[in-house]
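Take a look at the structure set out below.
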Amino acid sequence: MGALPEELGAVMARSDGAPDHSGGRTFWPGRWHGHDFVAVLSRIGKVAAASTAALLIQRHQVDAIVFTGVAGGLGPDVQVGDAVVAEAFLQHDLDASPLFPRHVIPLDNLSRLPTDGGWRQRLQAAVVQAQRQMAQDWPQGWQGIDLRQAKLHQGLILSGDRFVSTRAEQLALRTELPDALAVEMEGAAVAQVCRDHGVPFAAVRLISDRADDAAHPDFLRLVTDLAAPFGAHVMEHLFQAL
Ligand code: ADE
């Protein structure tokens, strides 16, 4: 799963089965290194992502969901071009206080949704390989980014229905949730649906911007050129190793 064609286009291109149209989504089936897959665009935001995840699980009985896309970096060490594999997701804009503590999913009584340990490890290994390949393929210093220096982080990713594009909001999130590495708009929703259905979930995000005042132009230049090849390399290595 990915949010935008820019993020998942190269994976969707591997589909060779009949597309399944349902609920405003198109599900693209195929086989990759002997494994069945279904690629689908969640579109943007938590509602769209939750709806897509529920449909994907119910219509296609998938064994696991893997999300690949971009995110804004929050941790001081999380720079444009790095990748973050999610250990857990949290909805930074969920607040049912004073009924429930801030960020807690009402009645589920938890705020952090862990990803699946086994899939996380497999994904991490695939990302290491993808980063190596991207470092070779991309000209050094392209757009001021040296992919040979790109790091791989593992930790908390925040999701919310906001594109974080001011330094003030970036700082507010970092102050409130100091261990958060990155922010995006879908992961926690997919994680919650997967938890409800007992489906393993893992996710990786390439850092496209620093969720600050330059986030908009940074996002646009990176998502167009880097996100799709990154997603395709990651999935190639993931399926190869399964
Ligand atoms: N996805 C990529 N960059 C983002 C940002 N700054 N805020 C929310 N989602 C993002």
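The values are calculated or read from the model by the stated rules, or taken from the named source; none is laboratory data. Given the structure is predicted, the values throughout are model-derived calculations rather than measurements. Ligands, DNA and RNA are stripped out before the accessible areas are found, and what is left, the full protein with its side chains, is counted by its heavy atoms. Shrake-Rupley method; radii C 1.70, N 1.55, O 1.52, S 1.80 Å.
For the range 65-104, the spread of Cα positions along the three principal axes, ordered from largest to smallest, is 40, 29, 14 Å. Take every Cα pair under 8 Å whose residues are at least 6 apart in sequence, average their separation, divide by the length of the range 93-186, and the relative contact order is 21 percent. The tail of the calculated P(r) for the range 1-102, taken as Cα-Cα distances beyond 23 Å, holds 37 percent of the pairs.
With both residues required to sit in the chain, DSSP beta bridges show an antiparallel share near 45%. Going by the alpha-carbon gyration tensor, a ≥ b ≥ c the square roots of its eigenvalues, is the range 148-206 rounded (a/c under 1.5) or, if a/c is not under 1.5, prolate (a/b greater than b/c) versus oblate? Oblate is the answer for the range 148-206, as a/c is 1.5 or above yet b/c matches or exceeds a/b. 3J(HN,Hα) along the range 104-120, derived from phi through the Karplus expression 6.51 cos²θ - 1.76 cosθ + 1.60 where θ = phi - 60°, amounts to 6, 6, x, 6, 7, 6, 8, 10, 9, 9, x, 7, 6, x, x, 5, 4 Hz, with x in place of Gly and Pro. Quick note on the range 88-242: its Rg to Rh ratio, both from C-alpha atoms and Rh being the Kirkwood radius, is 0.99.
Sequence-ordered 3J(HN,Hα) estimates for the range 43-57 from the Karplus curve with 6.51, -1.76 and 1.60 and θ = phi - 60° stand at 6, 9, x, 6, 5, 4, 5, 5, 4, 5, 5, 5, 5, 4, 5 Hz, glycine and proline given as x. Looking at the chain, the accessible area is 43 square angstrom per residue; that uses a 1.4 Å probe and ignores ligands, DNA and RNA.
Each Cα pair under 8 Å and six or more residues apart adds its sequence gap; the mean of these over the residue count of the chain is a relative contact order of 31 percent. Based on DSSP H segments of at least four residues, each scored -39500 (n - 2.57), the chain has a per-residue ellipticity at 222 nm of -11500 deg cm²/dmol. Here the scattering of the range 33-168 is modelled by Debye summation over its C-alpha atoms, one equal scatterer each and no solvent; at q = 0.21 Å⁻¹ the log10 of I(q)/I(0) is -1.49.
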